[in-house]
Amino acid sequence: MKKSLLYLMGGLLTLASCKDAKQTKASYESAIPDVKEKVEEFIPVELKTDLSQLTENERLMLPILFEAGKIMDDLFWKQAWGDKGALMQGIQDDYLKKFVDINYGPWERLNNNTSFIKGIGAKPLGANFYPQDMTKPEFDALENEAKNSLYTLLKRDDAGKLTVVPYHEAYQEELTKVSGLLKKAAGYADDEGLKDYLLKRSEALLTGEYFESDMAWMSMKNNTIDFVVGPIENYEDALYGAKAAFEAFILVKDKEWSGKLAHFATLLPQLQAALPVDKKYKSEVPGSDSDLGAYEVIFYGGDCNAGSKTIAINLPNDPKVHVEKGSRKLQLKNSMKAKFDKILVPISQLLIDDDQQKNISFNAFFENTMFHEVAHGLGIKRTLDGKGTVREALKETASAIEEGKADILGLYMVDMLTDMNELGEDQVLMDNYVTFMAGLFRSIRFGASSSHGKANMIRFNYFKEKGAFSRNGETGKYRVDFEKMRKAMVELSADILIMQGDGDYAKAKQMIEEKGFIQPELQADLDRIAQAGIPRDIVFKQGKNVVGL
């Protein structure tokens, strides 16, 4: 059988680069001249919060969660690259080590996964979820339904044939240890909801059955500490978008801000009914048990810490949970504020029209992010033909299209909530539009290789075609046209919702190919941002010592 040349070359280079842990420290050298500058594009931020609100038991629980989170971080390294220790041993330059650590491997995540180490080729699309020499026809011919599971790897058996291995077998040692730590942490849980979740999650890690623990996580209402842990998002699998990557967050609830947000969760069914499409594309009623909350995050590990840093969480991803319970939308307030102050505001001063500077606000940035996460729960999860989920129908395009839906529907929701007198004065609407535009430049700097990156570019290019903004050729600054942006927002929302409901893979692929790229004029503006010394993203100083344990 012929092997894909791309996968074969990528696989051989990857194997050659990480199989020998005894290589000399001079084995790996930077393929780029400016690795120090690359590292300095990430501005350090300390992850800490006031722990005085915690009980003694909660303070005793935190070190256990930090230990479990570190194991999940190590597991993501295995999925994304392989042997981290072997790679780091072969690097002498300290800045190169730091850049590898930021990217969880030798590929620059915010630059289309370009390799930045000599001798290491393109990143395999399937990371380490599949054999590097596996072809798509070979995968398609495998008669095993578990091959599409979020929680399985594909490997070759002794005869060279594809076989499916569950995560809880492939990573048995690590997951058994994390399971034990979660049980230990549950012993310190004052909140019964948190205790129930930790115990069920500890079991799920050993069985690969996550539904019950997802439902328990949804049922938590009064917990102060939250621990998001497991194989969760599928962005790392750029081959099929079918495999979940390991990650962990440790969160402390901001009760004041959470109280302000709780009301919006009750409006989900009403918001679903108001979507700008035919009834059949919004026939699914989102669960009314959804939860909106604000949190201070004190630990990121694994997938969520790779490259650009997550500032909000919308989970679980299971469509069955969405229908029965909805989802929880957690805003990571301290990380969000750091990105707003250190990145978005300087970008807006450089690229947004002087007259619209007054419309840049943290509240609008917070709302843009929050309603993005809420919008993940809207629309439709199963195609109208009854053949399966939207994710299955749209294949590798599903994540980019879903992120695009959440972005544009989040802005549409601001319109709806303003009409419902839920957001105060009309000025809020313009603040959201202009801040949304400034936020696009911040996000687009992450590149167009990721699902979020493709979604950003689709939206930017769509808005450009529709005249939603104009660019002053003399100043190089952008100005939002309110009415045209509103019209484009409604039209793009409808396009994506219909595409998902129809399971139209061809149309999704066409949209990404035609709009999911950076045009030269925009690239020149992104270069201006870099030349101004504005950070690309944040990087964390975190751990028990940082939070004062």
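The values are calculated or read from the model by the stated rules, or taken from the named source; none is laboratory data. Keep in mind that what you see is a predicted model, and the values were worked out from it rather than measured. When we count neighbours, we look across all protein chains shown, and the Cβ atoms used for this are built from the backbone with ideal geometry, even at glycine.
Residue by residue, here is whether (1) in contact with a Leu (Cβ under 7 Å, 6 or more places away or on another chain); (2) without any contact (Cβ under 8 Å) to a residue 40 or more places away in the chain holds:
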residue	(1), (2)
234	yes, no
240	no, no
259	no, yes
282	yes, no
(message) Residues that are closer than 30 Å to residue 240 by Cβ, part of a loop (DSSP other than H, G, I, E, B) and under 23 Å from the mean Cα position of the chain (by Cα): does region 419-439 have at least one?
(response) no
(request) Please give the number of the condition residue 138 fails out of (1) under 28 Å from residue 61 (Cβ atoms); (2) in contact (Cβ under 8 Å) with a residue 12 or more places away in the chain; (3) over 26 Å from the mean Cα position of the chain (by Cα); (4) assigned to a helix (DSSP H, G or I). (result) (1)
(request) Starting from region 193-214, take each residue that is in a helix (DSSP H, G or I) and list its partners that are surrounded by fewer than 18 Cβ atoms within 10 Å (Cβ to Cβ) and among the small types (Gly, Ala, Ser), counting only C-beta distances under 6 angstrom and pairs at least six apart or across chains. (result) 193/219
(message) Taking the criterion of being farther than 24 Å from residue 41 by Cβ, small (Gly, Ala, Ser) and touching a residue at least 60 places away in the same chain (Cβ under 8 Å), would at least one residue in region 326-334 satisfy it?
(response) yes
(request) Working carefully through the options 245, 262, 274, 294, find the one that is closer than 17 Å to residue 417 by Cβ and touching a strand residue (DSSP E or B) at 6+ places or on another chain (Cβ under 7 Å). (result) 262
(message) Only one of 400, 406 is modelled with pLDDT of 85 or more and in contact with a strand residue (DSSP E or B) (Cβ under 8 Å, 6 or more places away or on another chain). Can you tell me which?
(response) 406
(message) Return the residues of region 112-124 that are buried (at least 18 other Cβ atoms within 10 Å of the Cβ) and under 18 Å from the mean Cα position of the chain (by Cα); say none if nothing qualifies.
(response) 113
(request) Report, by residue number, each residue of region 41-64 that is surrounded by fewer than 17 Cβ atoms within 10 Å (Cβ to Cβ) and part of a helix (DSSP H, G or I). (result) 56, 57, 59, 60, 63
(message) For a quick check of your reading of the model, give me the residue pairs whose first member lies in region 76-100 and is part of a helix (DSSP H, G or I) and crowded, with 18+ Cβ neighbours inside 10 Å, whose second is at pLDDT below 95 and among the aromatic types (Phe, Trp, Tyr), with beta-carbon atoms closer than 8 Å and at least 6 apart or on different chains.
(response) 87/28; 96/28
(message) From the list 146, 122, 189, 185, exactly one residue is touching a residue at least 60 places away in the same chain (Cβ under 8 Å) and assigned to a helix (DSSP H, G or I). Which is it?
(response) 185
(request) Taking the residues in region 497-549 that are touching an Asp or Glu at 6+ places or on another chain (Cβ under 7 Å) and under 26 Å from residue 50 (Cβ atoms) as candidates, determine which candidate is surrounded by the most Cβ atoms within 10 Å (Cβ to Cβ). (result) 535
(request) Name the residue, out of 434, 428, that is out of contact with any Leu (no Cβ under 8 Å at 6 or more places or on another chain), of a type in the set (Val, Ile, Thr), surrounded by fewer than 21 Cβ atoms within 10 Å (Cβ to Cβ) and farther than 30 Å from residue 239 by Cβ. (result) 428
(request) Scan region 204-226 residue by residue and report those that are surrounded by fewer than 24 Cβ atoms within 10 Å (Cβ to Cβ) and of a type in the set (Phe, Trp, Tyr). (result) 211
